[in-house]
Amino acid sequence: MTYYKRMVKKVETLRKQKVVRILAIESSCDDTSVAIVENGRKVLSNVISSQIDIHTRFGGVVPEVASRNHILAVMPLVDQALKIANLQLSDIDCIGVTQGAGLVGSLLVGLTSAKALAFALDIPLIACNHIKGHIAGNYLTYQDLEPPFICLIVSGGHTAIVKVDDYTHFNLIGSTQDDAIGEAFDKVARVLGLGYPGGPKIDKLANGVPATIEFVKHSTLLNSFDVSYSGLKTAVINYIHNLQSRGENVDIPSICASFEHEAVDMIVDKTIRACVEAKMDIIAVAGGVSANTYLRNSLKSKANKLGIDVKVPDFVYCTDNAAMIGSIAYYEMLANPPAELNISALSHIEIK
Ligand code: KG4
Ligand code: ZN
């Protein structure tokens, strides 16, 4: 019997097994991470090797540099994850891996390592969507959380409002028409000379500062669930350049607060409207920008007033990590056949 036919049968057995341990690998951007997750909910280990220090000097992620560093990090992280979980490779039932979206060179490192492990251990490979992984980050923090709910996805590469119908079925309600919210944070921070990644730096500088500058006065997307960040980003950059060309003072905290409020209010208000229209009572947040203080506070206070409960994953499950992939891989394994060994890395994948 071929490897794949064996794996289809193995997955059928795993679906009936009481305890399923998945070793997951995430390498879609500049963090390499390996985790071991039990039954999609219990994190036995989750180790992350960050490349922020390496990319900071370039002002952003350099894809080729990221791929090379993933190669150095991935197998030692597998060893570390096993050691922390006090397990051996033979205790692992399944390999989960991010197939996309992300930087293809980075994804390929995780994907190739995952394929090699799955084949060598003769266990199934589960290919995962990074964004669905971010949504699953909520299941690790909220053990009782179950679909359906509305999810606000705010990361460096994605901005979307999604209805999570069940663990593996999603309905896209709205999304960005251009830049992602995290990308806008990073670009504004760069122009202000704050360095990479800009989101946390803007968050810190904006904390407690009033938002007094209005950057985008009219949006054509007012009645839609879609958003646009390119106009806001350009307006902020033009504002800074104008001040600089006139030799006037650039009030960095005030610009950070005003940009942050405008960027966050736009998507938060639409998410709440989507939740009310869908008659749902839970909004979960996913992706790196869910670490933002203003976003967390303003979403919670606005939604709670309408009786909507807001879930935000623990900080470690907000930014890129393999535990969230270990969680979604479990639900994919329950619902879908395993991946073949010839699958490719995908730079873009739809949420559906
Ligand atoms: O989800 P993530 O770790 O990677 C992607 O899949 O994109 O998100 C990274 C993004 C970056 O743009 C970073 O600046 C942003 O999340 N970010 C934040 C904060 N922490 C991370 N943005 C605003 N406030 C924060 N506290
Ligand atoms: Zn991410």
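A few notes on this one:
- Nearest-20 debye value, segment 146-312 charge dipole, Cβ charges on Lys, Arg, Asp, Glu: 260 debye
- Restraint check, K163/K279; K163/K311; K16/K311; K279/K302; K201/K233, Cα-Cα greater than 18 Å: K16/K311
- Positive end of the dipole of segment 87-225 (Cβ unit charges, origin at the Cα centre): among Y142, F119, V162, the Cα lying farthest that way belongs to V162.
- Relative packing of peptides 239-250, 158-169 - highest average C-beta neighbours within 10 Å first: 158-169, 239-250
- Counting only residues at least eight positions apart within a chain, or on another chain, the aspartates and glutamates with an alpha carbon under 20 Å from that of K305 are D265, D269, E277, D281.
- Spatially proximal aspartates and glutamates relative to K83 (Cα-Cα < 19 Å; intrachain offsets below 8 disregarded): E26, E38, D91, D93
- Relative to the current alpha-carbon distance between D91 and K279, full extension at 0.36 nm per residue lengthens the span by 63.4 nm.
- Kyte-Doolittle mean at least -1.0 and Cα axial length at least 30 Å: DSSP H helices in the chain: 63-85, 252-277
- FRET efficiency estimate (nearest 0.05) - Cβ-Cβ, T168 to D122, R0 25 angstrom: 0.50
- Size of electric dipole in the chain: Cβ of Lys, Arg +1 and of Asp, Glu -1, about Cα centre, debye, nearest 20: 520 debye
- A straight chain from I237 to I71 at 0.36 nm per residue would run longer than the Cα-Cα distance by 56.1 nm.
- Spacing of the modelled spin labels on S175 and E248, each 7 Å from Cα toward Cβ, amounts to 3.9 nm.
- Relative contact order computed over the chain (Cα-Cα under 8 Å; 6+ residues apart), in percent: 25 percent
- Cα-Cα separations in segment 30-76 greater than 18 Å, expressed as whole percent: 39 percent
- Averaging Cα coordinates gives a centre for segment 172-233 and one for segment 82-136; these two points are 33 Å apart.
- Averaging the sequence gap over all C-alpha pairs within less than 8 Å and six or more residues apart, then dividing by the number of residues, gives segment 106-256 a relative contact order of 17 percent.
- Counting neighbouring Cβ atoms within 10 Å and putting the fewest first, the residues V268, V104 line up as V104, V268.
Each value in this text was obtained by applying a stated rule to the coordinates, not by laboratory testing. All values reported here derive from a predicted model rather than from experimental measurement. Cβ sites come from the backbone with ideal geometry, for glycine too, and all protein chains shown count toward neighbours.
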